[in-house]
Amino acid sequence: MYPKTEVELHTQLPSDAEFWTPTPEDLEADEGFGYFDNTWPIFEIPEAEARRLVIVDRSLSIVASNLAATEFEFDDIATALETGSAEDIEGLKPDQREALTPYLSDRVTLEGLELGVAGLVYCLATAGMYPAASCRGHSNPSAWSPIPVVLFATDRISAELLVPLVRDSGCGFNIAPPRGELLAIQSKSIEGMLDLADAILRELSTFKSVLLYVSIHLGTTGAAKTGSSGRASAQRRPSMMATKSSRSSRAGITLPEISSPFFGTAKPSAAATLGSLS
């Protein structure tokens, strides 16, 4: 089973969405353009790497789905698969631990990202977009997000190319009020995010054609900004980041209360957070 949360999905781009991409200087900034903690740059990912991670993400997601009977079990199993270790996870049953053993190697298998969204993050980056944060969704009350979500920056043309893929994959668009400059893709379960990653790979040649067009006709590179020339300073030098799934302590990090369809309102916990707001 995949945990599923009933949420209204919007298959069209938000009317107030902002379309822009970071400059090369933005990409070198230390704080990250989304101001999320525990992040690192992910952009210009080679197609082969994206395809590999999509396969791994789908395979491990199926393993978690087959072993889990509840959303809480899925969360524990997914965490073990993400980190490569079940040592600190108390909720796992003996038979689940045994079944997970072939997949646990004490190394991160999803490039530090979370199960069910890792492949999509890499696909967006391969297609010329800029992920800022991601989360597979968690069942506990203090979760950063209760549903799968990926926040990213992109130009208008690429965003419009995403619309039919997002719709047909069972996903939707949204905007988080504290991060209004970023688009969000969300879904009721990670199954939609896995399907969307596959869909982007199928249409990758189209996205690459758009990148080439922008480069030739607008005189920019894949990492260059296509929005207004003053945007970078207005956004305090955003940089391309995506968040990791480390279980390390986050003592002292707080999360401001957010009123939005997909962000939680409590302080994030180490196991549930893919990047807390700074």
Long-range amide H partners of GLY112, meaning residues 5 or more apart or on another chain whose placed amide H is closer than 5 Å, are none
For the stretch 69-77, Karplus-derived ³J(HN,Hα) couplings (6.51, -1.76, 1.60; θ = phi - 60°; whole Hz; x for glycine and proline) come out as 9, 9, 5, 6, 5, 4, 4, 5, 5
Once normalised by the length of the stretch 37-152, the mean sequence separation of its alpha carbon contacts under 8 Å that are 6 or more apart gives a contact order in percent of 30
Evaluated at 37 °C and 0.692 mPa s, the Stokes-Einstein D of the stretch 126-213 based on the Kirkwood radius over Cα pairs, in µm²/s, stands at 244
Note: ASP168 to ARG156 extended length (0.36 nm per residue) minus current alpha-carbon separation gives 2.4 nm
Listed by chain and number, the residues whose amide H is under 5 Å from that of THR11, excluding neighbours fewer than 5 places away on the same chain and using placed H, are PHE173
The stretch 102-133 scanned against label point 7 Å out from ILE55 along Cα→C-beta; backbone N under 11 Å for none
SER142 and GLU44 label points (each 7 Å along its Cα→Cβ direction) are spaced in nm at 4.0
So, with points 7 Å from each Cα along the Cβ direction, the ILE62-HIS217 label distance in nm works out to 4.1
SER15 and ASP88 label points (each 7 Å along its Cα→Cβ direction) are spaced in nm at 4.7
Given backbone amide H placed at 1.01 Å from N, residues whose amide H is under 5 Å from that of HIS138, ignoring those fewer than 5 places away on the same chain, are SER145, ILE147
Scalar couplings 3J(HN,Hα) for the stretch 142-154 by Karplus 6.51 cos²θ - 1.76 cosθ + 1.60 (θ = phi - 60°), nearest whole Hz, x for Gly and Pro, are 9, 5, 5, 8, x, 10, x, 7, 10, 9, 7, 10, 6
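None of the figures in this text is laboratory data; all of them are computed from the coordinates on show. Keep in mind it's a predicted model, so treat the numbers as computed, not measured. Positions of Cβ are generated from backbone atoms using ideal geometry, with glycine treated the same way; all protein chains shown enter the neighbour counts.
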